[in-house]
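Since the structure comes first, as structure tokens, the remarks are kept for the end.
The values are calculated or read from the model by the stated rules, or taken from the named source; none is laboratory data. This one's a predicted model, so the numbers in the text were calculated from it and none came from an experiment. Here Cβ is always computed from backbone atoms with ideal geometry, including for glycine, and neighbour counts include all displayed protein chains.
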Amino acid sequence: MSSIDTLTGFPNRFGCLQMAEQLSSDAVVSGQPYAILWIDMDRFKQVNESFGHMGGDEVIKSLAIRFRTRMGGRAELCRMGADEFVLLVPRCDRDQAQRLATELCSTIEEPIAVGNLVLHPTASIGIAIFELGEGSLELLERADRAMLAAKTKGGQGVVCSGDEPIPGRLGVTLAREELAVENSLHFALENGGLCLHYQPIIHAHGHIEAVEALMRCSVNGESIPPGKFIPVAEKTGLIIRLGEWCLLQGAMHARRLFDAGYDTKVAINVSRAQLISPKFTQALHAALICSNAQPGQIELELTESLFMDVSDHVQRNLKNALAAGVRLAIDDFGTGYSCLANLKDIPAGKLKLDRAFVTVLPEDRRALSVVRAMTQLGHELGMTIVAEGCERQEEIDALLEVGVDAIQGYFYARPMPEEQLLPWLQQRSAT
């Protein structure tokens, strides 16, 4: 498995743990302490919300360059997550680590230009000094807890391990859980622990508009919920491998449906990490060739922010997907970056309304008015409108009344494994 973060070129969490173990061995032999500094950027979510993930990535790369320049080989630099870094500093005691943390605070606080604005970033830093007999993971956890203590004090500060309040669950258990999930994902990829479940999308006229492919993961008989493994996959970069696997399996299923007499589209979710990869088009073409599926049977579901991403790789991959004959859909519309004015520039044939609009129907008349407006505009642009998360007949009646074309949700069917989908389709065709 790769131990390098692709954005910064720094070691990732696995690489960090490996280096920490080596430094621990060296410290035992030399008798010299070493320090870990855990850095977490303050209010970084606001950067992503204001400038998009592409702007956030540029800030991270700028900080990585600053850290490398400031350290000048004095420390090993690692990226632990979206806005978190770790420095492993050999032959460094507590006083030296505190001075170094003060240097880093000054380095981080130097202004960074993003577009027409100038950011003044700050960070929370936690320090832990190696103790004899201590494991590398425990040492990293102490640094993480110290950083969280600095964060709870309002950020823009430094806390040494031992000076923070009694540690809570977040620093210890959650870090272990994420590492365990990451390890399970690697195991599942290599040993067949992944599968796709399919949820039908029912057109107002009664036919099956499409089936959405939803990934499931199981290791040693234990199922890992998507809400737990998807965030870890995105954080660690494994989402690209998972996405490529999903493309191939979804395309193969589309071909099997076609051979069984069902000209039904298979909708496959695509992440931002996939679309910024220069290998995405290659993976898409490989899935189509290996499956012998018709491109029109494949529908890629993306969030609106991906369509509006101006980066070269994203735009090139979107154009290549359209050129290959694959259909595009906007997923979860109405949340996040969503903007009605953007619809005219998006080359998508389907608009999926987020379930947040659905669950309040028909009682919330304002929500119904918003759904009606989005549906009318989508129709004017030639789009098929799908409402997600429908569970009650009353919701469906209200949605169909305002012109929504298709319904997806538990009311009709829960996601089901492939071996159950074909009998379900056959039974529905017979009724």
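Suppose we keep only residues that are part of a helix (DSSP H, G or I) and touching a residue at least 40 places away in the same chain (Cβ under 8 Å) within the stretch 227-242. Which one would you say is farthest from Lys279 (Cα to Cα)?
Residue satisfying both the conditions and the ranking: Lys228.
Counting only residues that are over 18 Å from His203 (Cβ atoms) and touching a residue at least 12 places away in the same chain (Cβ under 8 Å), which one in the stretch 392-420 is surrounded by the most Cβ atoms within 10 Å (Cβ to Cβ)?
Pro415
Sort out which residues of the stretch 37-68 are of a type outside the set (A, V, I, L, M) and within 25 Å of Ser24 (Cα to Cα), and write them in order of number.
Trp38, Asp40, Phe67, Arg68
Considering every residue within the stretch 248-260, establish whether at least one is under 28 Å from Asp57 (Cα atoms), out of contact with any Asp or Glu (no Cβ under 7 Å at 6 or more places or on another chain) and small (Gly, Ala, Ser).
no
Within 18 Å of Leu328 (Cα to Cα), out of contact with any Leu (no Cβ under 7 Å at 6 or more places or on another chain) and hydrophobic (A, V, I, L, M, F, W, C), is that true of Leu248?
yes
Consider only pairs whose beta carbons are under 6 Å apart and that are at least six residues apart or on different chains; among these, list those whose first residue lies in the stretch 54-82 and is outside the structural domain of Glu234 (by TED's automatic domain parsing) and within 25 Å of Asp312 (Cα to Cα) and whose second residue is surrounded by 15 or more Cβ atoms within 10 Å (Cβ to Cβ) and of a type in the set (Lys, Arg).
Gly81/Lys235
Residues that are closer than 30 Å to Glu299 by Cβ and modelled with pLDDT of 80 or more: find the strands (runs of 3 or more DSSP E) completely inside the stretch 108-218 holding 3 or more of those.
Because the criterion is at least 3 residues that are closer than 30 Å to Glu299 by Cβ and modelled with pLDDT of 80 or more, the strands (runs of 3 or more DSSP E) in the stretch 108-218 that meet it are 194-203.
Taking only the stretch 8-32 into account, find how many residues are surrounded by 17 or more Cβ atoms within 10 Å (Cβ to Cβ) and farther than 18 Å from Leu137 by Cβ.
Going through the stretch 8-32 one residue at a time, the tally reaches 2.
Exactly one condition in (1) within 14 Å of Pro33 (Cα to Cα); (2) surrounded by 15 or more Cβ atoms within 10 Å (Cβ to Cβ) is false for Leu140; which is it?
(1)
Could you list all residues from the stretch 15-43 that are without any contact (Cβ under 8 Å) to a residue 40 or more places away in the chain and under 27 Å from the mean Cα position of the chain (by Cα)?
Passing the criteria: only Gln18.
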